[in-house]
1. In segment 19-39, what residues are more than 12 Å from the chain's Cα centre (by Cα) and not in a loop (DSSP other than H, G, I, E, B)?
2. Report, by residue number, each residue of segment 40-72 that is surrounded by fewer than 17 Cβ atoms within 10 Å (Cβ to Cβ), assigned to a helix (DSSP H, G or I) and of a type outside the set (Lys, Arg).
Amino acid sequence: MTESEIAKIVVDAAYHIHRRLGPGLSEKEKIAPVHKKQLLTYLRLADKRLGLLFNFGASLIKDGIFRVANRL
């Protein structure tokens, strides 16, 4: 299974969670550039190629999902 296929499954699960519970949960912080840089650092250290950041506080989950690639 490729990284993109796994990411599709994870994003689909996040969509269903967001749809059922609604936006907000307990998150108040927005995704900042530092979060993307931090995830990229973790990907490099773990030798992984793709990471996902989710902000379940976004009104639409598609606006709260960010893909970060490391040599993908």
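Just so you know, all these numbers are worked out from the coordinates, no wet-lab data involved. Computed from a prediction, not measured in an experiment: that's the story for all the values here. Positions of Cβ are backbone-derived with ideal geometry, glycine not excepted, and every protein chain shown enters the neighbour counts.
1. Arg19, Arg20, Leu21, Pro33, Val34, Lys37, Gln38
2. Matches in segment 40-72: Leu40, Thr41, Tyr42, Leu45, Ala46, Asp63.
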